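Notes for the one structure printed next.
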Amino acid sequence: MTYYYYLTAAGKQISESLQQQFGGVLRRKEEFTDATLAQDFRSAELLVFVLATGIAVRKLAPLLRTKCTDPAVLVVSQDQRYVISLLSGHLGGANDWTRKIAAFLHAEPVITTATDLQGQLAFDEVAKNNHLAIENISVLKQISGALLNGKSIWLQSDLPVTGTEQYPQISFSEQANSAGKVVISDRTQTRLETLPTLYLRPKDLVIGVGCKKSIPFVHLETCFLSFLETYQYACDSIKAMATISRKQAEPAILQLCETYHIPLQIVPDADIRACGDLFEASAFVQQVTGLPSVSEACSYLAAGKGTILTRKVKYSGVTLAASRCELQPIVL
């Protein structure tokens, strides 16, 4: 959701024209309270302030958390001459919104992120545009700093990458002047990296889960973490957990998904039966659920009939399986 804040008649007129063009909610002058702004800041994708930059900065300062979660924030000057990208330029999309709104208002976009000014690749923008999760964002500034200082970055990706010809500092092997490394993979690594390494995780794994009724959460979580460690799958790459309809209200599964911020996908029984003998049938599972397979079939089907990575892995009262969705190449 987009929210527009203004304090003057001129600000109201600009805000109304932006709302008509881009949608969103207008906040009247009397609604410009700390409580309302805090609520909007938590839920918004974009905040647009048609007022002085200083007012916006002072109001927003207590609300700032991290570039991973803060919304995009723009300031539009009341003479309609400038649109300023104030916060979350890359991950939040503020720079892109600045260009769009400036073009609509025939204003000048003001973007101050160093990578944009120097025409350098910004890996937080790469992550946003390709739906990659940034596992260790603290390393991002080292990667960006290296590029800005003319150093090479070693890019290692499990997915095809396009657009590298635009960025001569990006190499698919380590160079003499490599000052950092970026890894795009859903697999965790056990080796110790010698370069500062940024991990970008594609959302391509679906974990199928089956369990006994009323299984304790702590036990299910232990099995889940053991599964990821054994097969070296990154938790940030999990697109969804998948299970059958009779397990959609299983407390431990719901708590696991909530704890790790993973969506739960329910696979229809008919789709599982349509798989035929693709998966090993279990007489016990058939007796209890009326279905030949749970974790394997759910993982495979919820991944869009993608690549099967593991067969059913059994734990005490729990089964887990992993499949990988098909993804498009990474675009730099």
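When only DSSP loop residues count, what GluC sites (Glu not before Pro) in the range 250-332 have their Cβ near at most 11 other Cβ atoms within 10 Å?
Taking the range 250-332 and a limit of 11 other Cβ atoms within 10 Å, the loop GluC sites (Glu not before Pro) found are 280, 326.
When DSSP beta bridges are limited to those with both residues in the range 225-332, what percentage is antiparallel, rounded to the nearest 5?
Taking every DSSP beta bridge with both residues in the range 225-332, the antiparallel ones total about 55 percent.
For log10 I(q)/I(0) by the Debye sum over Cα atoms at q = 0.07, 0.15 Å⁻¹, several values are listed as [x] -0.29, -1.47; [y] -0.47, -1.21; [z] -0.40, -1.13; flag the one computed from this structure.
[z]
List the residue ranges in the chain for DSSP H helices whose C-alpha atoms run 20 angstrom or more along the long axis and whose Kyte-Doolittle average is 0.5 or above.
217-231
Under a 5 Å amide H to amide H cut-off, with H placed in plane at 1.01 Å, what residues pair with residue 198 once short-range neighbours are removed?
Excluding prolines and chain starts, which carry no amide H, the hits are 181, 182, 183.
Ordering 325, 235, 68 from largest to smallest accessible area (1.4 angstrom probe), what's the sequence?
From most exposed to least exposed: 68, 235, 325.
How much of the DSSP beta bridge set in the range 4-151 is antiparallel, as a percent to the nearest 5?
25 percent
Using the Karplus equation 6.51 cos²θ - 1.76 cosθ + 1.60 (θ = phi - 60°), what ³J(HN,Hα) coupling, rounded to whole Hz, does each residue of the range 180-191 give in order, writing x for Gly and Pro?
x, 9, 10, 10, 10, 6, 8, 9, 7, 10, 9, 6
Find the all-direction average of the projected area of the Cα convex hull for the range 92-189, expressing the result in square nanometres with one decimal place.
Hull-based average projected area comes out at 7.2 nm².
Under a straight-distance cross-link criterion of Cα-Cα below 25 Å, which lysines are reachable from residue 12, leaving out those fewer than 8 residues away in the same chain?
Once the sequence-local lysines are set aside, what remains near residue 12 is 29, 59, 100.
In what sequence, largest accessible area first, do 217, 284, 22, 224 appear using a 1.4 Å probe?
So the residues, ranked largest to smallest area, are 284, 22, 217, 224.
Which of 62, 202, 160 moves most in a GNM of the chain, Cα contacts under 10 Å?
Its mean-square fluctuation being the largest, the pick is 62.
Would you please calculate the Kirkwood hydrodynamic radius of the range 99-148 over all C-alpha pairs and express it in Å, rounded to one decimal?
Computed over the range 99-148, the radius equals 12.5 Å.
Say R0 is 22 Å: what FRET efficiency, to the nearest 0.05, do residue 13 and residue 52 get from their beta-carbon distance?
0.85
Which percent of the accessible heavy-atom area of the chain goes to carbon and sulfur, probe 1.4 angstrom?
51 percent
Of 35, 302, 120, which is farthest on the positive side of the dipole of the chain, counting Cα position, with +1 on Lys and Arg Cβ, -1 on Asp and Glu Cβ, and the Cα centre as origin?
Going by the Cα projections, it comes out as 35.
Please identify, among 246, 191, 65, the residue showing maximal mean-square fluctuation in a Gaussian network model of the chain using a 10 angstrom Cα cutoff.
Checking each option, the largest mean-square fluctuation is seen for 191.
Per Stokes-Einstein, at 4 °C and 1.567 mPa s, what whole-number D in µm² s⁻¹ belongs to the range 11-170, with the Kirkwood radius over Cα pairs as the hydrodynamic radius?
Calculated translational D: 75 µm²/s.
What does the net charge come to around residue 331 if you take all other residues with beta carbon closer than 15 Å to its beta carbon, with K and R at +1 and D and E at -1?
Summing Lys/Arg as +1 and Asp/Glu as -1 gives -3.
Over the chain, what is the percentage of antiparallel beta bridges among all DSSP beta bridges, to the nearest 5?
For the chain, the DSSP antiparallel bridge percentage is about 35.
For the range 62-145, with equal point scatterers placed on the C-alpha atoms only and solvent neglected, what are the log10 I(q)/I(0) values from the Debye formula at q = 0.17, 0.20, 0.24, 0.25 1/Å, to two decimals?
Debye curve over Cα of the range 62-145, log10 I(q)/I(0) at q = 0.17, 0.20, 0.24, 0.25 Å⁻¹: -0.71, -0.93, -1.20, -1.25.
Residues of the chain: accessible area per residue at 1.4 Å, in Å²?
49 Å²
The values are calculated or read from the model by the stated rules, or taken from the named source; none is laboratory data. Nothing here was measured: the structure is a model prediction, and the numbers come from that model. Here Cβ is always computed from backbone atoms with ideal geometry, including for glycine, and neighbour counts include all displayed protein chains. Note: accessible area is taken over every heavy atom of the protein model, side chains too, but ligands, DNA and RNA are not part of it. Shrake-Rupley method; radii C 1.70, N 1.55, O 1.52, S 1.80 Å.
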